[in-house]
Amino acid sequence: MPGISAVVPAAGVGSRMQTDCPKQYLSLAGKMLIQHTVERLLSHPAINTVIIAIGAKDTYFAQTGLSEHPNVRVVLGGATRATSVQAGLEAVTTQWVMVHDAARPCITHSDIDALITHAQSHDDGALLAAPVRDTMKRANAQGRVAYTVDRQALWHALTPQMFLTQTLKQALIQADDTVTDEASAVEAIGGQPVLVPASASNIKVTHPEDKWLAEFYLSQQEGKS
Ligand code: CTP
Ligand code: MG
């Protein structure tokens, strides 16, 4: 099938966020966080289906209304991010798939465009990434600096990450369930995904202060893509 599918893992509990509901259901600029994320994917012209993996005990998703959208499918996620992604991949019928965290609502269409261009010109796929800004230290067991790591070659791995569907499925079958991104699974089977520089606004809402930052970026991005 032509076009690209997007798998959105959304079965986490958001423990670091310390809120009553899972963070993907927090209200942000008038909408639930996951609504921002999924709408940005659905409105991209190259993406034809969004598959959302939700938790077995989820009592919030129904309120989003997202399951009524004709291009949305919903599947049951698993105990780890990797198993949630695997569940989503079962519903993918396109040759190419991108995986995007529900918790990254500020993703822009221009970053998605760059990802698609790079992914489709390499068999090993591609991921959005941001160069590390701070000086990086490796700690020893006593919490003291063992040495300074050269940050020139260090990147933060973001999402979306995009791969040939078959490659990613194969990689995740062989990967440890604890991998925290898809590129790690592809690397483990010998792949070298391309790092695509992305906007620093593509944050993952992880800690309480991130909510305000995400709201700021969303308001700045209003009307742009
Ligand atoms: N995720 C998932 N299934 C899991 C765990 C995580 O689908 N079993 C999803 C989350 O919902 C989130 C994305 O993977 O959209 C990135 O994970 P993370 O930011 O770690 O979210 P949580 O696991 O929910 O948060 P925390 O680690 O703080 O508990
Ligand atoms: Mg987590």
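The values are calculated or read from the model by the stated rules, or taken from the named source; none is laboratory data. Since the model is a prediction, treat every value here as computed from it, not as a measurement. Here the Cβ is made from the backbone with ideal geometry for all residues, glycine too, and neighbour counts use every protein chain on show. Quick note on the areas: whole protein, heavy atoms, side chains included, nothing else; ligands and nucleic acids left out. Shrake-Rupley method; radii C 1.70, N 1.55, O 1.52, S 1.80 Å.
The table that follows gives values for the structure above.
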item	result
Qualifying positions in the stretch 62-90 - closer than 12 Å to A6 by Cα and open to solvent by less than 40 Å² (accessible area, probe 1.4 Å)	V72, V85, G88, L89
Residues satisfying the stated conditions in the stretch 206-225, i.e. within 14 Å of ligand 1 (Cβ to nearest atom) and either closer than 17 Å to T80 by Cα or touching a strand residue (DSSP E or B) at 6+ places or on another chain (Cβ under 8 Å) (or both)	T206, K211, A214
The stretch 163-180, residues that are open to solvent by 90 Å² or more (accessible area, probe 1.4 Å), within 15 Å of ligand 2 (Cβ to nearest atom) and within 24 Å of I112 (Cβ to Cβ)	T180
Some residue of the stretch 145-162 being surrounded by fewer than 18 Cβ atoms within 10 Å (Cβ to Cβ) and in contact with a helix residue (DSSP H, G or I) (Cβ under 8 Å, 6 or more places away or on another chain)	yes
Residue match in the stretch 17-34 (condition: touching an Asp or Glu at 6+ places or on another chain (Cβ under 7 Å) and either away from ligand 1 (no atom under 15 Å from the Cβ) or over 15 Å from P160 (Cβ atoms) (or both))	yes
Looking only at the stretch 186-203, and only at residues there that are part of a loop (DSSP other than H, G, I, E, B) and without any contact (Cβ under 8 Å) to a residue 60 or more places away in the chain, the one that is surrounded by the most Cβ atoms within 10 Å (Cβ to Cβ)	I189
Positions within the stretch 88-117 being within 13 Å of ligand 1 (Cβ to nearest atom) and part of a strand (DSSP E or B), in sequence order	V99
Among (1) surrounded by 10 or more Cβ atoms within 10 Å (Cβ to Cβ); (2) over 13 Å from V194 (Cα atoms) - the single one A141 does not satisfy	(1)
Restricting the stretch 37-54 to residues that are closer than 17 Å to I203 by Cα and open to solvent by less than 20 Å² (accessible area, probe 1.4 Å), the residue that is nearest to ligand 2 (Cβ to nearest atom)	T37
Meets criteria (out of contact with any His (no Cβ under 7 Å at 6 or more places or on another chain), assigned to a loop (DSSP other than H, G, I, E, B) and free of Cβ contacts under 8 Å to residues at least 24 places away in the same chain) for A141	yes
Residue in the stretch 118-138 that is farthest from S219 (Cα to Cα), counting only those that are in a strand (DSSP E or B) and aliphatic (A, V, I, L, M)	M136
Given (1) of a type in the set (G, A, S); (2) buried (at least 19 other Cβ atoms within 10 Å of the Cβ); (3) in contact (Cβ under 8 Å) with a residue 60 or more places away in the chain, number of the condition A183 does not satisfy	(3)
Residue match in the stretch 156-166 (condition: among the small types (G, A, S) and not in a strand (DSSP E or B))	no
Residue, modelled with the highest pLDDT, within the stretch 8-36, restricted to residues that are open to solvent by 40 Å² or more (accessible area, probe 1.4 Å) and closer than 21 Å to H109 by Cβ	K31
